1. Looking for something touching a residue at least 60 places away in the same chain (Cβ under 8 Å), within 16 Å of the ligand (Cβ to nearest atom) and either aromatic (Phe, Trp, Tyr) or buried (at least 19 other Cβ atoms within 10 Å of the Cβ) (or both) - is there at least one such residue anywhere in the range 113-124?
2. THR201 fails exactly one of the following numbered conditions: (1) open to solvent by 60 Å² or more (accessible area, probe 1.4 Å); (2) closer than 30 Å to SER78 by Cα; (3) free of Cβ contacts under 8 Å to residues at least 24 places away in the same chain. What is the number of that condition?
3. For the range 1-83, please list each of the helices (runs of 4 or more DSSP H) lying entirely inside it that holds at least 1 residues being within 24 Å of the chain's Cα centre (by Cα).
4. Examine the range 87-94 for a residue that is touching a helix residue (DSSP H, G or I) at 6+ places or on another chain (Cβ under 8 Å) and either within 16 Å of the ligand (Cβ to nearest atom) or open to solvent by 20 Å² or more (accessible area, probe 1.4 Å) (or both), and state whether such a residue exists.
5. For the range 121-175, what are the residues that are among the basic types (Lys, Arg) and not in a strand (DSSP E or B)?
6. Check GLU182, GLU233 and return the single one that is in contact with a strand residue (DSSP E or B) (Cβ under 7 Å, 6 or more places away or on another chain) and either surrounded by 17 or more Cβ atoms within 10 Å (Cβ to Cβ) or not in a loop (DSSP other than H, G, I, E, B) (or both).
7. Restricting to the range 29-64, name every residue that is within 22 Å of HIS81 (Cα to Cα) and surrounded by fewer than 15 Cβ atoms within 10 Å (Cβ to Cβ).
8. Among the candidates ARG187, ARG98, single out the residue that is part of a helix (DSSP H, G or I) and either at pLDDT 95 or above or within 16 Å of the ligand (Cβ to nearest atom) (or both).
Amino acid sequence: MASALASDGARFVPIWGDQCLVSGQLPEAVLLTRRQVDPYVDEDNLIFLGLFRDRPAFAVPISKALDAPFGQLGEFQSLRHLGTILPADEANLVAHARALVLWHRSQVYCGICGSATVAEAGGNSRRCRNPDCARELFPRTDPAVIVIVADGDRCLLGRQSNWPEGLYSTIAGFVEPGESVEDAVRREAFEETNIRVGKVTYHSSQPWPFPSSLMLGFVAEAETSDIVLNDGELEDARWFTREELRNKAVGLPFRISIARRLVDHWINQGKATAECA
Ligand SMILES: [Zn+2]
C-alpha cells in the first residue's frame, strides 16, 4: 500500500461532500496526482480502490465544510447526474470511491460498544479500537428489487407524485430482512398495486449507490389484474399495452436505467413473439 501510494502512477479520486470532480463538455472524471491532493491525504485512513487503467487508485474524502478545491481543474457534481453520462469505467470508479467515502463517514463508531473504529485493509474494512470488542465492519450493499409485471400484452407501470409529469416506471422496493428477492417482488407488487404475482424471473442488475443499493431486476407474471394503490406509495398505476408504450403514450425512465431496460426487454419480447407467430 505504501509503495502504491508513493508511486508516480498513483491516481486519486477526490470526493467533496458526496460530489465527484469532472471536467469537459462531455464530462470525464478528473483523477489527481499525489502532489495535487497531498494536503487532503490521510495515510492512516487510506481508501484503496484497486487498479484503474493499470494505475493504483485511491479515494480522497474532502469535507463539505471546506470550499470546493481544484476549481481550476474541474467542477464537483452529483453522481446522480454523472452516472448516466460519464464513460462506464469512470462512472464505476467514482461510484466506488463515493460509496466507500460515505461508508467510512457513517462508521466512525462501533455500533456494539460505541468505541471509535479505525480503517483497515486499505480502507476496505474498519475495526473497533476496543480490544475486548474488536468488531470488524465491512461496507454494506442493500438489495432492492425492480420488476416489470406482465399480464399477456399488458404491463404494469406506476408513478410517484414527485416524479416529472407523465413519467411512469416499473415497481420497485427494498428487500426486507429474512426475505428472498422473489418474495420481495411479490410483496412490493401487492403492497403498491394489489396485483398478485406468480412466476418471477431474474433479468439483470444495476448498482444504485445512493447511498449503497443494488437494484436486482426481474420480469414477473401477474395472476390478478385489479389495481388498488394499497400503501399509497404510488400516485397512479396502470396497465399499458406494447403499442401504447411504443407510441409514447407516457414518459419512460432514462435509457440507461434498469427500469427502462426492463420495459424495453418486455416490448421487444412482444416483437419476437409476434415474428414467431
Ligand atoms: Zn466495539
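The values are calculated or read from the model by the stated rules, or taken from the named source; none is laboratory data. Nothing here was measured: the structure is a model prediction, and the numbers come from that model. Glycine gets a Cβ as well: all are built from the backbone with ideal geometry, and neighbour counts include every protein chain shown. In case anyone asks, the SASA skips ligands and DNA or RNA and just uses the protein heavy atoms, side chains included. Shrake-Rupley method; radii C 1.70, N 1.55, O 1.52, S 1.80 Å.
1. So the first thing to find is which residues in the range 113-124 are touching a residue at least 60 places away in the same chain (Cβ under 8 Å), and the list is 118-119, 122-124.
Subsequent filtering for residues that are within 16 Å of the ligand (Cβ to nearest atom) retains 118-119.
Checking the rest, the ones that are also either aromatic (Phe, Trp, Tyr) or buried (at least 19 other Cβ atoms within 10 Å of the Cβ) (or both) come to 119.
Within the range 113-124, one or more residues are touching a residue at least 60 places away in the same chain (Cβ under 8 Å), within 16 Å of the ligand (Cβ to nearest atom) and either aromatic (Phe, Trp, Tyr) or buried (at least 19 other Cβ atoms within 10 Å of the Cβ) (or both).
2. It is condition (2) that THR201 fails.
3. Working: elements: 2-6, 34-37, 79-82.
Result: 79-82.
4. Taking the range 87-94 first, the residues touching a helix residue (DSSP H, G or I) at 6+ places or on another chain (Cβ under 8 Å) are 91, 94.
Next, only the ones that are either within 16 Å of the ligand (Cβ to nearest atom) or open to solvent by 20 Å² or more (accessible area, probe 1.4 Å) (or both) stay: none.
No, the conditions are met nowhere in the range 87-94.
5. Restricting attention to the range 121-175, the residues satisfying the condition of being among the basic types (Lys, Arg) are 126-127, 129, 135, 140, 154, 159.
Selection gives ARG129, ARG135, ARG140.
6. Numbers: GLU233 fails: in contact with a strand residue (DSSP E or B) (Cβ under 7 Å, 6 or more places away or on another chain).
Result of the check over GLU182, GLU233: GLU182.
7. Scanning the range 29-64 gives SER63, LYS64.
8. Numbers: ARG98 fails: either at pLDDT 95 or above or within 16 Å of the ligand (Cβ to nearest atom) (or both).
Result of the check over ARG187, ARG98: ARG187.
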